[in-house]
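**Student:** Take this structure, written in structure tokens, and hold onto it; I'll ask about it next.
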Amino acid sequence: MEVLTLLLLFLTVSGYSHVLQAGLTVTQIAGLGRDHQSDMRSEKLRVVSISVEEKENAAESTEGKKTEEEQRREGMTQTKTEVSSHPPTPQEKVSPHFSTSVTLPNPTINPISVSTGLPSEDRVVQCSDKGVDKVPYGIPYNARYILLMNNHINNIQLDLLNEYVSMEFLVLSNNRLTNGATEGAFEGVLALKRLYLDRNLLDSVPTDLPGSLEELCLDNNRLSAMSEAAWAQCPRLLVLSLRNNSLGNGSESLPNAVLSPLRNLRTLNLDHNQLTSVPLGLPLSIKELYLKGNLIEHFHGEALNGVSELLRLDLSANRLTNKGLLRESLRNATHLESLNLEGNRLTQVPRHLPLSLKTLNLEGNLITSIKKVDFGILKNLEHLGLARNKIFKVAPGAFRTLPLLHQLDLCHNTLHQVPRLLPDALHSVALNNNKIQSVPRDSFCWGNKSVSLSRLVRVHLEHNLIDMGKLDAQAFRCLRGFQVVHFY
């Protein structure tokens, strides 16, 4: 009897030992601290009660293969982090070596069309759409990517963010932050590279931005002014987005050379503000400049005071006239490849455009005719948009000076015939929604009747006044097939 009692006692202790060991493994996966592990061990000793047969099964299970539940938990690649809006007690503090990974979708952010580039590994914390009014406590100090968008945050606790020495990407989009609420909040944040403060209540650019910053999004705020001092703190900035603000106030532009400290800036987005002229003294390092939807009437030569690296310029939906676009306006943009002047007040094709242009958009202006000299120097042009103007006349051969032109859009004008002597390299031409009645023989097929096949693959002639019975078949002799031309 005593032997049996001792055997049962041994099995009981062994069973508890294995069950507790399995419990500790799950606890470690869940990321609990050592104090919590000790508490859990004590708790299990008090409340766990299993039969002798269950203890034996537990012992055999841990010596052999792991239980299905343990395998499932160990196979998990992501765990959730519980955070609190209250300061942590000493027992609740999270270790700086805490490894966190949280499942999250890419945030809906609107800066210059860049992806978030979030890593698949852990150290990403998602606290968006939680209804919190301050930065939650309990976020692991080694977190690299912290997402807090779509909350009610109206204040950032002083000296809180500088605890996160590994934080590279912070998203505070769509909150209620004001300038007073962010003052001093970013001081001492040494690793931060990307900061999104769009859709808040800021009326000026914060002046204590971290020096490590490479990308800053301030879209959809109330910005009406900025100072050079704001940018002196972040000379490494590469991408700056200030869309949908009130910069310029409709009566003036930004202070001269206000952005000059940003010597490494590559992308600047000032879309949908109230600027009346292109800001002067822009950094020559800028490769992409977006000024769509302002009130710009003038492009002064001092805007690019020196040889610029500019590749892409968007001035669409402004108030530019031919007088506002001067000879010296783009003189220093010797690398410019894409120029968007859609939706302005131009009455003729601008002169003195950079020879490097590959794409030119002049749609939605007031241009009435195309002269033979308009595009004579643009030998590299590949895409030309002239849709939605008032063009009724095109000089013969006006486009033939463009040897690389692949795409030509002349739809929604008032042309009465297909332009003559179109360039050989043309792949696509849109002439729909005009008043075209005739197609001259030398429109698509220029030269002798034995001319080689055209490179055209699409010709749009829908919604015109063409009498199909009077079409000259010789006008299409060089085309590859009837499917190339669209009449309906």
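**Student:** Between S173, S212, S246, which is among the hydroxyl-bearing types (S, T, Y), touching a Ser or Thr at 6+ places or on another chain (Cβ under 8 Å) and touching a residue at least 12 places away in the same chain (Cβ under 8 Å)?
**Tutor:** S246
**Student:** Wholly within segment 395-488, which strands (runs of 3 or more DSSP E) include no fewer than the required count, namely at least 1 residues that are over 38 Å from the mean Cα position of the chain (by Cα) and not hydrophobic (A, V, I, L, M, F, W, C)?
**Tutor:** Qualifying strands (runs of 3 or more DSSP E): none found.
**Student:** Picking from L177, L240, which residue would you name as being out of contact with any Lys or Arg (no Cβ under 8 Å at 6 or more places or on another chain), modelled with pLDDT of 95 or more and closer than 23 Å to C127 by Cβ?
**Tutor:** L177
**Student:** Out of the residues in segment 225-237 that are part of a loop (DSSP other than H, G, I, E, B) and modelled with pLDDT under 90, state the one that is surrounded by the fewest Cβ atoms within 10 Å (Cβ to Cβ).
**Tutor:** Applying the filter and picking the extreme gives S227.
Per-residue answers, yes or no, for (1) closer than 30 Å to R236 by Cβ; (2) touching a helix residue (DSSP H, G or I) at 6+ places or on another chain (Cβ under 7 Å); (3) among the hydrophobic types (A, V, I, L, M, F, W, C):
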{"residue": "P283", "(1), (2), (3)": "yes, no, no"}
{"residue": "Y290", "(1), (2), (3)": "yes, no, no"}
{"residue": "G293", "(1), (2), (3)": "yes, no, no"}
{"residue": "E302", "(1), (2), (3)": "yes, no, no"}
{"residue": "L315", "(1), (2), (3)": "yes, no, yes"}
{"residue": "G324", "(1), (2), (3)": "no, no, no"}
{"residue": "L330", "(1), (2), (3)": "yes, no, yes"}
{"residue": "A333", "(1), (2), (3)": "yes, yes, yes"}
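**Student:** Outside any strand (DSSP E or B) and either under 18 Å from V135 (Cα atoms) or open to solvent by less than 60 Å² (accessible area, probe 1.4 Å) (or both): is that true of L240 in this structure?
**Tutor:** Taking the combined requirement at face value, the residue does not satisfy it.
**Student:** While we're here: Looking for whichever is surrounded by fewer than 16 Cβ atoms within 10 Å (Cβ to Cβ), of a type in the set (S, T, N, Q) and out of contact with any strand residue (DSSP E or B) (no Cβ under 9 Å at 6 or more places or on another chain) here; the options are N154, N162. Which one fits?
**Tutor:** N154
**Student:** Taking the criterion of being more than 19 Å from L218 (Cα to Cα), touching a Leu at 6+ places or on another chain (Cβ under 7 Å) and among the aliphatic types (A, V, I, L, M), would at least one residue in segment 152-165 satisfy it?
**Tutor:** Yes, some residue in segment 152-165 is more than 19 Å from L218 (Cα to Cα), touching a Leu at 6+ places or on another chain (Cβ under 7 Å) and among the aliphatic types (A, V, I, L, M).
A quick yes/no check of all residues on (1) open to solvent by 50 Å² or more (accessible area, probe 1.4 Å); (2) in contact with a Gly (Cβ under 9 Å, 6 or more places away or on another chain); (3) closer than 17 Å to P396 by Cα; (4) hydroxyl-bearing (S, T, Y):
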residue	(1), (2), (3), (4)
L426	no, no, yes, no
V429	no, no, yes, no
C445	no, no, yes, no
R455	yes, no, no, no
R458	yes, no, no, no
G469	yes, no, no, no
R477	yes, no, no, no
G481	no, no, no, no
V485	no, no, no, no
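**Student:** Just wondering, is there one or more residues in segment 414-429 that are closer than 30 Å to E342 by Cβ and acidic (D, E)?
**Tutor:** Yes.
Yes or no, residue by residue, for (1) more than 20 Å from N269 (Cα to Cα); (2) at pLDDT below 95:
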residue: F299; (1), (2): no, yes
residue: A303; (1), (2): no, yes
residue: E309; (1), (2): no, no
residue: R319; (1), (2): no, no
residue: G324; (1), (2): yes, yes
residue: S329; (1), (2): no, yes
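**Student:** In segment 196-223, which residue that is among the small types (G, A, S) and over 19 Å from N175 (Cα atoms) is least open to solvent (accessible area, probe 1.4 Å)?
**Tutor:** S212
**Student:** Related question: Quick one: is L190 of a type outside the set (S, T, Y) and open to solvent by less than 10 Å² (accessible area, probe 1.4 Å)?
**Tutor:** no
**Student:** Look through G188, G180 and report the one residue that is closer than 21 Å to A232 by Cα and without any contact (Cβ under 8 Å) to a residue 12 or more places away in the chain.
**Tutor:** The unique qualifying residue is G180.
**Student:** I'm trying to understand the selection: among the residues of segment 174-189, which are among the small types (G, A, S) and touching a Leu at 6+ places or on another chain (Cβ under 7 Å)?
**Tutor:** Answer for segment 174-189, where residues must be among the small types (G, A, S) and touching a Leu at 6+ places or on another chain (Cβ under 7 Å): G184, A185.
The values are calculated or read from the model by the stated rules, or taken from the named source; none is laboratory data. Predicted model, so just to flag it, every value in this text is computed and none were measured. Glycine gets a Cβ as well: all are built from the backbone with ideal geometry, and neighbour counts include every protein chain shown. With ligands, DNA and RNA removed, areas are computed over all heavy atoms of the protein, side chains included. Shrake-Rupley method; radii C 1.70, N 1.55, O 1.52, S 1.80 Å.
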